[in-house]
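K.L.:
Can you keep this structure in mind? I'll have questions shortly.
The values are calculated or read from the model by the stated rules, or taken from the named source; none is laboratory data. These numbers come from a predicted model, not from an experiment. Because the Cβ atoms are built from the backbone with ideal geometry, glycine has one as well, and the counts that use them run over all protein chains shown.
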């Protein structure tokens, strides 16, 4: 089985190299048989990588400790779901898993486009298989996953305890699907540049792929935040960690791209900008992978230091040189057919939205890389912490929130005063009233008042759009409210699904505002039977409890939770002592309501006196983070569902003199 895994990676490498050659030949000669051979090559590479993944999974599940990777990231007592998650728990396995996702997506793209985009497909295959060949080369030459130990281990060292959490079984796959999914719009953009076919057809072809990638990037970031919230025990969910930033930056530029392409589709504008955005987004996915695997930054999320960093940098440089070089050559063909008519229009609002998103991405990039740059230039590593990111990005985020309410509903080309008054009078009044109520309610924090005012402004604009649409449909066909609403969404999924996504983003802003500004924290040391209060809760410490398994030993603080003298819950924050890595971890206990989370951490304890130090946090409105993610997912599903069959693209035009072809 081990040799089968090695041979599968070798075969995948050979076929990927062959496929690139055949795709280039097909692009230059326009021979259909060359294209067919390249397409079959993509499927064969996927099959070979699938075999390699199956072999490694089999080795993990059967505890084959002859393999160094299995011995390093699993053990005989590791639960089966974490044993499977060990596939992406280490560097070698995660690269192999990445290659599987990439070749799977490439195969789907080939099967989807058997009868369309025939002129683009050879170059699409060149792009996708070049990325695949890079990752397979790492697996074959640099960091092979099937290395064996000179002496088979009797027991594995186990998966990192921080990764033994259910969020980590879905967080990396979600991020990988998002990162790898961005390869598809990049590949079609590359193909459009290579062929000179620079209309909007490549955008329409890849719209759902871009949404697919953006969706999983969104979920990946949210799952990572929830993992940090539940596992790291510091009461928060986002610390502007370099690896968090690495996943956030392509999400920002991908969001900008999704908004910007609407202008190209509607007005044939921003063609160069859209090319730059998708190239930048794909480049940031490679850059993020470099950050997590190079060892240049220190992060609880990153892999241990390795020698892979330079290879990712070389590949990133190659991607940028080739794609930007093609873009430069095609600049004369990418002139916009229309110009911006007014600053008060949907086009200009979307453009401002893009600039803010890219501005936030640049600020995050600069803050992430500044310590590395300062150490390289001055020999001194200057730490850039959350205060920098919060100070720069908080006002930009509020501007973005405002534009979220304006952009989708303002008129195209030029908005008149009458249109602005009719559209925004109600939402503006709603926002001002919300701000006034916050002030009357005792809130004196300027940022909180501005944030909640903008949140209600955006929600009011979205509600008004749904209300007007439902009323208009009722007037036309006499539907009930529910049927009118469902038909309204079904007839224009892209528009109203986008509004639902915006509601999800607004809910996340609610959570960010609540936890950033109103969080309460307290640290107390208690004897058994003593109590303390925090935010309307009374908590009584009842003593320590212990439990032991083959895999983990547990030490728990039993905490009774009272509200108005009535017990409403019992929470047990834990210390876990993993036996294979011999590493302690903290497991928090959380009581969640829509209004807030009561979040408890067992700090230190005295085994003899049974005294315990408890860290308690009250995180207001954190539940909106969960519900915002669910709403965002629902909106994305609405947008991504097809509304009608897409007409096939023009059929393939063979090279002159190719007797085996039929001309269209």
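K.L.:
Going through segment 414-438 one residue at a time, which ones are touching a helix residue (DSSP H, G or I) at 6+ places or on another chain (Cβ under 7 Å) and loosely packed, with under 14 Cβ neighbours inside 10 Å?
P.N.:
432
K.L.:
Something else about it: Check 396, 403 and return the single one that is more than 23 Å from residue 266 (Cβ to Cβ) and either part of a loop (DSSP other than H, G, I, E, B) or touching a helix residue (DSSP H, G or I) at 6+ places or on another chain (Cβ under 8 Å) (or both).
P.N.:
On the way: 403 fails: more than 23 Å from residue 266 (Cβ to Cβ).
After ruling out the rest, the residue left standing is 396.
K.L.:
Another question, then. Using the structure shown, decide if residue 498 is at positive phi and either over 37 Å from the mean Cα position of the chain (by Cα) or touching a residue at least 40 places away in the same chain (Cβ under 8 Å) (or both).
P.N.:
Values: at positive phi: no; either over 37 Å from the mean Cα position of the chain (by Cα) or touching a residue at least 40 places away in the same chain (Cβ under 8 Å) (or both): yes.
No: the conditions fail for residue 498.
K.L.:
I'm checking my understanding of the structure. Among residues of segment 211-224 that are touching a residue at least 60 places away in the same chain (Cβ under 8 Å) and surrounded by 22 or more Cβ atoms within 10 Å (Cβ to Cβ), which one is nearest to the chain's Cα centre (by Cα)? Steps first, answer last, please.
P.N.:
Filtering segment 211-224 down to residues touching a residue at least 60 places away in the same chain (Cβ under 8 Å) leaves 211-212, 214-215, 218-219, 222, 224.
After this cut, where a residue has to be surrounded by 22 or more Cβ atoms within 10 Å (Cβ to Cβ) as well, the list is 214-215, 218, 222, 224.
Numbers: 214: 7, 215: 7, 218: 4, 222: 8, 224: 9 Å.
Here the answer is 218.
K.L.:
Has segment 96-109 got at least one residue that is surrounded by 21 or more Cβ atoms within 10 Å (Cβ to Cβ), farther than 30 Å from residue 204 by Cα and in contact (Cβ under 8 Å) with a residue 24 or more places away in the chain?
P.N.:
Yes, because at least one residue in segment 96-109 is surrounded by 21 or more Cβ atoms within 10 Å (Cβ to Cβ), farther than 30 Å from residue 204 by Cα and in contact (Cβ under 8 Å) with a residue 24 or more places away in the chain.
K.L.:
For residue 526, all conditions in the list (1) crowded, with 16+ Cβ neighbours inside 10 Å; (2) farther than 30 Å from residue 607 by Cβ; (3) in contact (Cβ under 8 Å) with a residue 40 or more places away in the chain hold save one; what is the number of the exception?
P.N.:
Unmet condition: (2).
K.L.:
Turning to a different aspect of this structure: Hey, does segment 375-382 have a residue that's out of contact with any strand residue (DSSP E or B) (no Cβ under 6 Å at 6 or more places or on another chain) and at positive phi?
P.N.:
Taking segment 375-382 and keeping what is out of contact with any strand residue (DSSP E or B) (no Cβ under 6 Å at 6 or more places or on another chain), we get 375-382.
Of the ones still in play, those that are also at positive phi are 379.
Yes, there is a match, as at least one residue in segment 375-382 is out of contact with any strand residue (DSSP E or B) (no Cβ under 6 Å at 6 or more places or on another chain) and at positive phi.
K.L.:
Need pairs with beta-carbon distance below 8 Å; first residue more than 14 Å from residue 531 (Cα to Cα) and within segment 561-573, second outside any strand (DSSP E or B); sequence gap 6+ or separate chains.
P.N.:
Every condition considered, the pairs that remain are 573/588.
K.L.:
Tell me which residues, restricted to segment 490-499, are over 12 Å from residue 404 (Cα atoms) and assigned to a helix (DSSP H, G or I).
P.N.:
Of the residues in segment 490-499, the ones over 12 Å from residue 404 (Cα atoms) are 490-497.
Correct list: 490, 491, 493, 494, 495, 496, 497.
K.L.:
Looking at 217, 222, 139, which is the one that is assigned by TED's automatic domain parsing to the domain that holds residue 62 and modelled with pLDDT of 95 or more? Full working, then the answer.
P.N.:
On the way: 217 fails: assigned by TED's automatic domain parsing to the domain that holds residue 62; 222 fails: assigned by TED's automatic domain parsing to the domain that holds residue 62.
Exactly one of 217, 222, 139 is assigned by TED's automatic domain parsing to the domain that holds residue 62 and modelled with pLDDT of 95 or more, namely 139.
K.L.:
Then there's this: I'm trying to understand the selection: among the residues of segment 1-55, which are within 31 Å of the chain's Cα centre (by Cα), under 30 Å from residue 196 (Cα atoms) and free of Cβ contacts under 8 Å to residues at least 12 places away in the same chain?
P.N.:
Residue satisfying the conditions is 40 alone.
K.L.:
Which count do you get for residues in segment 158-199 that are crowded, with 19+ Cβ neighbours inside 10 Å and under 12 Å from the mean Cα position of the chain (by Cα)?
P.N.:
12
K.L.:
Tell me which helices (runs of 4 or more DSSP H) are completely within segment 136-254 and hold 3 or more residues being within 27 Å of residue 386 (Cβ to Cβ), or say none if there are none. Step through it out loud before you land on a result.
P.N.:
Values: elements: 166-181, 183-195, 201-231.
Hits in segment 136-254: 166-181, 201-231.
K.L.:
State which residue is nearest to residue 587 (Cα to Cα) when the search covers only segment 611-634 and only residues that are under 16 Å from the mean Cα position of the chain (by Cα) and crowded, with 20+ Cβ neighbours inside 10 Å.
P.N.:
That would be 625.
K.L.:
I've got another one for you. Looking at the structure I just gave you, is residue 134 surrounded by fewer than 21 Cβ atoms within 10 Å (Cβ to Cβ), within 18 Å of residue 187 (Cβ to Cβ) and not assigned by TED's automatic domain parsing to the domain that holds residue 551? If you could, list the steps in order and put the result at the bottom.
P.N.:
Numbers: surrounded by fewer than 21 Cβ atoms within 10 Å (Cβ to Cβ): yes; within 18 Å of residue 187 (Cβ to Cβ): yes; not assigned by TED's automatic domain parsing to the domain that holds residue 551: yes.
Yes: the conditions hold for residue 134.
K.L.:
Right, here's the next one. Could we say that residue 89 is without any contact (Cβ under 8 Å) to a residue 60 or more places away in the chain and within 23 Å of residue 179 (Cα to Cα) here? Before the answer, list the steps.
P.N.:
Working: without any contact (Cβ under 8 Å) to a residue 60 or more places away in the chain: no; within 23 Å of residue 179 (Cα to Cα): yes.
No, not satisfied.
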